[in-house]
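Here the structure comes first, spelled out in structure tokens, and everything after it is commentary.
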Amino acid sequence: MSGTIVGLDFGHGVIRAAEIQDAGKARPTLVRYASLRVPATAVQRGEVIEPGTVSAALKQLWSRGRFKTKRVVLGMGNQRVLVRDLTVPNQPLNRIRESLPFQVQDLLPVPVADAILDYYPVSVVKADGGEMVNGLLVAAMKEAVLANVDAVSAAGLSPVEVDLIPFALSRAFLASADARGVVALVHIGAVTTSVVVANDGVPQFVRIMQNGGGDVDLALQSRLSIDAEQADRIKRGIGLAREQVPAEWAVAVEAIHASTGDLLGAVRNTLSYFLNSRPGLRIERVLVSGGGAQLGGLPNALADALRLPVGVPKSIEGLAIARTVDTEQLNDDPAGLPVAAGLALGSRA
């Protein structure tokens, strides 16, 4: 099918793919979606560790999902990606990008030659020396990006872009009229949490934290000496409830609250840093998404921690769903679509 592209998300133990038609139009269409479980050792924190396993899985995924294009957009968003504020003289974007290697070494934890750099302009301001651009520097470790690109290419697919996962999430959830004003999006994955603050849908601030919903499972496994499947079942059954929980589950309740408290504290500190660095701005509300957000009581706990209204987006606004989409796949993995679809929606290819 012409005019389609696939967003490809390497999640924790799962690969998800969403094929979007007319990504650049006012109302794009999701035409296919599929996901496939892979061994946890194959992909860790979004980075391909076992390329042969991943390439074989991608071939199986393309067959299962009946995707009609091999053009894909990959997402990156783990500890190997850094996003920082950067103000530079105003000039064409291609010139800004060309100049980055000569300006940003002091901001990077590795030699600039070992990173892939990009720049996301946010606003233009007047300064004594002329106009300046406020924006976001994105630096991804080259080794991690190339590992994912190589695995995808080995599966016979054509990687046309690599994009930042928090940007994909902002397209999925912060592009509607309901996201006007200053809104924070907290997307809780299994091993990382992305925090995006946008003003009228334009990202102003991005942080990728090394906390996730999977930390709760690990805490339960450690405290109760149980396996991952049992931990997940207990987590979903208890959530953040304290009342009406049998006394014999007190240790589990304590583990869930302690681990979730660490996550909520990290989110609170991140948003406090944003507000302190931008006097005069005020976050009006927060949206929470991702698999970790499905923990019972978490949105209310986040609202209490931040003292802000917290909502849960139900779907991607403005995205039509074609009859060719396997709705069973969508229903089985409701938190899986936004990243993959958001990657495809941002395609420039």
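So which of Lys25/Lys142; Lys25/Lys68; Lys68/Lys314 end up more than 24 Å apart by C-alpha? Violating the 24 Å Cα-Cα cut-off are Lys25/Lys142; Lys68/Lys314. Near the amide H of Ala34, within less than 5 Å, lie the amide hydrogens of Ala17, all on another chain or at least 5 residues away, with H placed in the peptide plane.
Taking amide H atoms as placed 1.01 Å from N in the peptide plane, the amide H of Gly290 lies under 5 Å from those of Ile188, each 5 or more residues away in sequence or on another chain.
In terms of the mean number of neighbouring beta-carbon atoms within 10 Å, the peptides 281-291, 129-139 order highest first as 281-291, 129-139.
Relative contact order for the range 17-73: 27 percent, from Cα pairs under 8 Å spaced at least 6 residues apart, divided by residue count. Please work out the Cα center distance from the range 1-33 to the range 56-110, rounded to the nearest Å. Each part's Cα centre sits 17 Å from the other's. Scoring 223-233, 73-83 by mean Cβ neighbours within 10 Å over their residues and listing the highest first yields 73-83, 223-233. For the chain, DSSP calls about 75 percent of its internal beta bridges antiparallel. A simple packing score, the average count of other Cβ atoms within 10 Å per residue, orders the peptides 242-250, 204-212, 184-192, 25-33 as 184-192, 204-212, 25-33, 242-250, with the highest score first.
The numbers here are math on the coordinates, done by the rules we state, and not lab data. These figures come from a predicted structure and were not determined experimentally. As a convention, Cβ positions derive from the backbone with ideal geometry for all residues, glycine included, and neighbour counts pool all protein chains shown.
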